[in-house]
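Worksheet: the structure to be examined is printed underneath.
Nothing in this text is a laboratory measurement; each read-out follows from the coordinates by a stated rule. All figures in this text were calculated on a predicted structure; none of them were measured in a lab. Cβ: placed from backbone, ideal geometry, glycine included. Neighbour counts: every protein chain shown.
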Protein chains: 6
Amino acid sequence: MSDELTHINKNGEANMVDVGDKPIQKRTAKATGFIKLQENTLSLINNNMMKKGDVLSVARIAGIQAAKQTHFLIPLCHALQLSKVDVDFEIKEDGIRVDSLSRCEGQTGVEMEALTAVNVALLTIYDMCKAVDKDMEMSNIRLLEKTKV
Amino acid sequence: MSDELTHINKNGEANMVDVGDKPIQKRTAKATGFIKLQENTLSLINNNMMKKGDVLSVARIAGIQAAKQTHFLIPLCHALQLSKVDVDFEIKEDGIRVDSLSRCEGQTGVEMEALTAVNVALLTIYDMCKAVDKDMEMSNIRLLEKTKV
Amino acid sequence: MSDELTHINKNGEANMVDVGDKPIQKRTAKATGFIKLQENTLSLINNNMMKKGDVLSVARIAGIQAAKQTHFLIPLCHALQLSKVDVDFEIKEDGIRVDSLSRCEGQTGVEMEALTAVNVALLTIYDMCKAVDKDMEMSNIRLLEKTKV
Amino acid sequence: MSDELTHINKNGEANMVDVGDKPIQKRTAKATGFIKLQENTLSLINNNMMKKGDVLSVARIAGIQAAKQTHFLIPLCHALQLSKVDVDFEIKEDGIRVDSLSRCEGQTGVEMEALTAVNVALLTIYDMCKAVDKDMEMSNIRLLEKTKV
Amino acid sequence: MSDELTHINKNGEANMVDVGDKPIQKRTAKATGFIKLQENTLSLINNNMMKKGDVLSVARIAGIQAAKQTHFLIPLCHALQLSKVDVDFEIKEDGIRVDSLSRCEGQTGVEMEALTAVNVALLTIYDMCKAVDKDMEMSNIRLLEKTKV
Amino acid sequence: MSDELTHINKNGEANMVDVGDKPIQKRTAKATGFIKLQENTLSLINNNMMKKGDVLSVARIAGIQAAKQTHFLIPLCHALQLSKVDVDFEIKEDGIRVDSLSRCEGQTGVEMEALTAVNVALLTIYDMCKAVDKDMEMSNIRLLEKTKV
């Protein structure tokens, strides 16, 4: 593991790492996150799922769309051609867990895309529930796995 | 407080709330979040701050820029004309706390802008430290305060 | 009605109309469009609706998001602060009808936003059905109504 | 031909198809569409073309630019590196026909890019003529051809 | 005139100025710039103008579109609702002069929008001529006038 | 060298050059530009650099971000997957010189990305100094070097 901040050059200035000489590999990343919700909010989302599930549908689309914009949001990220982004939800007793998967064939990893998908999916749930729940909190956002072949 | 999901209409479909009849008010929101970092990572960021502070400078700019894009990232958010966005950092023993403030004069609140600024600032710190720290986690992301006058 | 192309100046050059002296009014526009689909495609979409309705949910979100980006897509459109965008679907015998509504308080009309929402919703249905239906066609895209108060 | 909606997974949820294992091929797509215009509108556009042709120039640029943004507009589309986009116009007796061509070397087809170029070119003509023509309608928007080598 | 960098706070950190208490005024800005071109390039552009003038048409559209994106390009700029953007060209002996005008009713000036329009129009001319002219240079980019009423 | 405007087709219409048959090569471009500043402005920037260097940090990030958006800003540019973008500053007696470097492996050159980075970095310095300096001017913006291997 590196012991230097690779995005900072020798003068302490921000720096976009040159990935031009890295091999092209199939890369995958999985990330997760959680949003704490009140019981009443969860039951409203659940009832809605019985109908059309729009809270989670909207959050899924927002997460996928955000993954494709990662390099515009995170200043030193490279543009990648994602071959797949997935966003999934698991309803827990006290909130909703979000899991994402992103894949590409490229010269640099896709963890920022997976994490961005999770973060924006969580923000979208927050947005859609903020009229009924004043006690939401996002947490446990982290990388689960990262592979290259 | 509402007991309905305002972004979902009577058919359970996603819905952009009509804010056209709400009064124009000065609105403020403050949000916060935290990223857990290893001691070594914090000391690298600190040393850099002694010089030019680019990790936190880049994260600050990313957060401010993201706040301005909130309505493109969160599907049912309205475009707002933000009069101010601020992103601040506090270095703690085990990570960095991010605080944001957003302000606008408009018909709907600015909490999603404040939260988006926090989330993208955290993601940017993550991106810039990921080569040296494999154990980062984002948490405690929540609204601190919301006012209108 | 004008008998000049207002987006073209006296030299025949493209021109962004100055709306700075027009009064601020509440403006609404409704637009519609249609996509022809095969019976089999419609039945797949319908079955999906029984579950989670994602084809139309995704198309709705795409339409709403696109409306907010109208001024970036259509070169001489002004940025507007939309107070509401709605996208609805009606399943017909030979396809799907899309209806949209957009509202703002501003100095210029919102018909391009309503039409952009319809167009991108139609394109999204197309995208999601293109593996099963090689005979889709979009038509009847037009403004239904435009009001200002 | 598939008999399943590939953008919907087994749970009926929206899904970005994984194109990571598809071969990289040279892909082309052609699309077309039509906008009905009044005789007077057509003659204004024609007169302008005698000078500088700006209505169609602006529509062409808008279509090309939109093709490059397809994956941000259509939620489940992949980013592609387009090697070419062309937008052409044919003035008919009762309106204007738009034709587009898009090309890329990649793992998935470019028909959505060609269709998006057509749709946004049509919307741009609509926008530039809406002060003089209240009876415009867009129709006949469809794929003409799709190849891969 | 201020003697402090208003975008930097007391700790030397980047800062989005709070414009929330400034009066809403009609604001105008004019900017200009120049691109040096070889005689042969100018004659090619001129010949094209005799036909359809596309080099300058494309540059005009690019400049107008860029003005609308100023707040996404310049990190500490506020979003403004531009009521008008104009981009004009004057062909000189040794190059092309670009002039822009931008207008809005708002709480902060529109000079960055006018300058961004000029810069991106110049870059677009550069792009369209770079196959025939290896000696282009952009210069004299400055604000001409700024008013508020 | 070509003696035709490659972005204009035989009918004088704008045209996105087909790069699909060009070989994939490692490409580099370097560009430069200058912004004239008053002595007082330079000393304020310098003092700030002693602290945290934010004027130039913000301009650097803005330039890097803009390079990634070149194909959205310049209508006939192709999307490229940049492997590196660098923006550097040199403080001169009467202003600041900006230098940029961009790299990619692709079918077309990266000079527009390098020039866009310079232009937007200059605009960002302008924005951050405009409250204290009414006499800024951007000039000498040109390509320094372009290679392919």
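I need the trypsin sites (Lys or Arg not before Pro) found in segment D:64-143, filtered to DSSP loop residues with at most 13 other beta carbons within 10 Å of theirs.
Those satisfying the criteria are D:Lys134.
Output, in nm with one decimal and in ascending order, the distances from the E:Asp18 label point to the matching label points of the other copies (7 Å from Cα along Cα-to-Cβ).
3.4, 3.4, 4.5, 5.1, 5.8
For B:Lys92, list long-range residues whose amide hydrogen, built 1.01 Å from N in the peptide plane, is under 5 Å from its own amide hydrogen.
Long-range HN contacts for B:Lys92: B:Arg97.
Can you give the angle from 0 to 90° between the axis of helix F:111-129 and the longest principal axis of chain F, with both taken from C-alpha atoms, to the nearest 10?
The helix F:111-129 is inclined about 20 degrees to chain F.
Once amide H atoms are built 1.01 Å from N in the peptide plane, which residues 5 or more positions from B:Asn140, or in another chain, come under 5 Å H to H?
Answer set, sorted by chain and number: A:Asn140.
What three numbers, in Å, describe the spread of the alpha carbons of segment B:25-148 along their principal axes, ordered from the longest?
If we take the Cα atoms of segment B:25-148, the spans are 45, 26, 22 Å.
What angle do you read, to the nearest 10 degrees and between 0 and 90, between the alpha-carbon axis of helix D:39-51 and the longest principal axis of chain D?
Approximately 90 degrees, to the nearest 10.
Looking at the protein assembly as shown, what % of the alpha carbon pairs are farther apart than 39 Å?
Of all Cα-Cα pairs in the protein assembly as shown, 35 percent lie more than 39 Å apart.
Only Cα pairs within less than 10 Å get springs; with that Gaussian network setup on chain B, which residue of B:Asp88, B:Asp127, B:Asp21 has the largest fluctuation?
Per the Cα network of chain B with a 10 Å cutoff, B:Asp21 tops the list.
Going through the cross-link list F:Lys92/F:Lys134; D:Lys30/F:Lys84; C:Lys26/E:Lys84, which pairs have a Cα-Cα distance over 25 Å in this structure?
Violating the 25 Å limit, Cα to Cα: D:Lys30/F:Lys84.
Tell me what the protein assembly as shown gives for mean residue ellipticity at 222 nm when only DSSP H runs of n ≥ 4 count, each as -39,500 (n - 2.57), the sum divided by the residue total, rounded to 500 deg cm²/dmol.
Rounded to the nearest 500, it is -11000 deg cm²/dmol.
Once both axes come from the Cα atoms, what is the angle between helix A:54-68 and the longest principal axis of chain A, in degrees from 0 to 90, rounded to 10?
With both axes taken from Cα atoms, the answer is about 10 degrees.
Using a Gaussian network model of chain A whose springs link C-alpha atoms within less than 10 Å, name the residue from A:Phe72, A:Phe89, A:Phe34 with the highest mean-square fluctuation.
Per the Cα network of chain A with a 10 Å cutoff, A:Phe72 tops the list.
To make sure I understand, if each residue's beta carbon is the centre and we count other beta carbons within 10 Å, what order do F:Thr116, B:Thr147 fall in, fewest to most?
Taking fewest neighbouring Cβ atoms as first place, the list is B:Thr147, F:Thr116.
Mind putting a number on the dipole of segment F:55-149 about its Cα centre? Charges go on the C-beta only, +1 for Lys and Arg and -1 for Asp and Glu, and I need it in Debye to the nearest 20.
The calculated dipole for segment F:55-149 is roughly 320 debye.
Starting from a label point 7 Å past Cα on the Cβ side, list the distances from D:Glu39 to the same position in the other copies, nm, shortest first.
4.3, 5.1, 7.4, 7.4, 8.7
By the gyration tensor of its Cα atoms, with a ≥ b ≥ c the square roots of the eigenvalues, what is the shape of segment E:80-149: rounded for a/c under 1.5, prolate for a/b over b/c, or oblate?
Since a/c reaches 1.5 and a/b is larger than b/c, the shape of segment E:80-149 is classed as prolate.
Shortest first and in nm with one decimal, please list how far the A:Glu137 label point sits from its counterparts in the other copies (point 7 Å along Cα→Cβ).
For A:Glu137, the other copies' label points sit at 1.3, 5.8, 5.8, 5.9, 6.1 nm, shortest first.
Check each of the GluC sites (Glu not before Pro) in segment A:71-149 and keep only those in coil by DSSP with at most 15 other C-beta atoms within 10 angstrom; list them in order.
Answer by residue number: A:Glu93.
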